[in-house]
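Notes for the one structure printed next.
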Amino acid sequence: DYVVVKMIPDNRLPPRHLHSVHTGKTFAVIKWESPYDSPDQDMLYAVAVKDLVRKTDKIYKVKTRNSTVEYTIKKLEPGGKYHVIVQLGNMSKESSMKINTVPLSAPDALKIITENDHILLFWKSLALKESNFNESRGYEIHMFDSLMNITAYLGNTTENFFKVSNLKIGHNYSFSVQARCLYSGQMCGEPATLLYDELGTGEDSSATKNDRSTDVAAIVVPVLFLLLVTLGIGFVVLYMRHRRLQNSFTAFANSHYSSRLGSAIFSSGDDLGDEDDEAPMITGFSDDVPMVIA
């Protein structure tokens, strides 16, 4: 025996399993499930987005009958902080979560040029790879003194370079350049960091691995090339010697070739002995020839 029970839908329940699927610089994809399984009618959801930095609110409406709902929140700011609330349109119980959007990337190719009494920091414009960045926003520069264990804010600029003076000899510094922070430093870009010592040599820590791999490649590739060239020259020399020996043997064989016999004839040690036997033997000296004794 069995019985079928159909539960009465409760529209006061909150949406279930609210979570973030993907977060970018200016958007976030969120997902949730309906308060109960298999809704038999369209359900109206209210999605409230509270900007925790700007202190503003936006409300979006989503109408669907699906049990699983996926929604994309657009027009967000890079590096922003948001509080998202999802509930049914009748102001039932809510589900909430916090979202942090991806900040702007770090500037590329941060380099140092050393002058007589100061240094110059150079970097590529962030607008080249970030469509959401405007040069009028500018960059801010920070410096960390490892000897004094002090971090200092050096200033900001809308240019792609910055002058740093009054550096102390014997101190090691770390410089960072990032998109200027907005709203009391709450919305910043990723920093590009450069290490600098008292000798005036700078090293981009974000590109250290790439630089090292490039240096290794710059050493290995010429060595392999020289090895290949050396092997090639060795093969050529061996080939030329082989051809020379082959030609010498061919010439030697042709000089001893007998057209009558149809083969080459080579002399042996016995033949040399026979020639010595055929030579006239010296038996003595004539009395008419005077002998001179030294």
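The values are calculated or read from the model by the stated rules, or taken from the named source; none is laboratory data. Please read these numbers as outputs of a predicted model, since none were measured by experiment. Please note: Cβ atoms are built from the backbone with ideal geometry, for glycine as well, and neighbour counts cover all protein chains shown. The accessibility values were calculated without ligands, DNA or RNA, using every heavy atom of the protein model including side chains. Shrake-Rupley method; radii C 1.70, N 1.55, O 1.52, S 1.80 Å.
What does the charge count near Gly89 come to, summing +1 for each Lys or Arg and -1 for each Asp or Glu among other residues with Cβ under 9 Å from its Cβ? Display every interim value, and only then the final one.
On the way: positive: Lys61, Lys63; negative: none.
After counting each charged neighbour, the total is +2.
For Leu52, enumerate residues with amide H under 5 Å from its amide H, sequence gap 5+ or separate chain, H modeled in the peptide plane.
Lys81, Tyr82, His83
What number comes out for accessible area per residue over segment 108-196 if the probe is 1.4 Å? Units Å², please. Display every interim value, and only then the final one.
On the way: 4980 Å² over 89 residues.
Here the residues of segment 108-196 average 56 Å² of exposed surface.
Quick one: what are the phi-derived ³J(HN,Hα) couplings along segment 230-243, Karplus 6.51/-1.76/1.60 with θ = phi - 60°, whole Hz, x for glycine and proline?
Working through the residues one at a time gives 4, 4, x, 5, x, 5, 5, 5, 4, 5, 5, 5, 4, 5 Hz.
Over all alpha-carbon pairs in segment 108-196, figure out the percentage whose distance exceeds 18 Å. If you can, show how the numbers build up before the last one.
Values: 1637 of 3916 pairs.
Pairs farther apart than 18 Å: 42 percent.
Which order do the peptides 85-94, 49-58 come out in when sorted by mean C-beta neighbours inside 10 angstrom, highest first?
Numbers: 85-94: 15.5, 49-58: 13.8.
With the highest mean Cβ count within 10 Å placed first, the list reads 85-94, 49-58.
Over segment 16-100, what per residue volume does the convex hull of the Cα atoms give, in whole Å³? Write down the numbers at each step before the final one.
Numbers: hull volume 6.8 nm³, N = 85.
Output value, Cα hull per residue: 80 Å³.
Quick check: at a probe of 1.4 Å, how many percent of the accessible area of segment 16-100 sits on carbon and sulfur atoms?
Numbers: 2260 of 4850 Å².
Heavy-atom surface of segment 16-100 belonging to carbon and sulfur, 1.4 Å probe: 47 percent.
Using the Karplus equation 6.51 cos²θ - 1.76 cosθ + 1.60 (θ = phi - 60°), what ³J(HN,Hα) coupling, rounded to whole Hz, does each residue of segment 54-68 give in order, writing x for Gly and Pro?
Whole-Hz 3J(HN,Hα) from phi for segment 54-68: 7, 6, 10, 10, 9, 10, 10, 10, 10, 10, 7, 9, 5, 6, 10.
In whole Hz and in residue order, list the ³J(HN,Hα) couplings for segment 34-40 that follow from phi through the Karplus curve 6.51 cos²θ - 1.76 cosθ + 1.60, θ = phi - 60°; x for Gly and Pro.
5, x, 9, 6, 6, x, 9
Of the cross-linked pairs Lys63/Lys129; Lys81/Lys124; Lys81/Lys111; Lys31/Lys55, which ones have a Cα-Cα span greater than 30 Å in the structure shown?
Cα-Cα > 30 Å for Lys63/Lys129; Lys81/Lys111; rest within.
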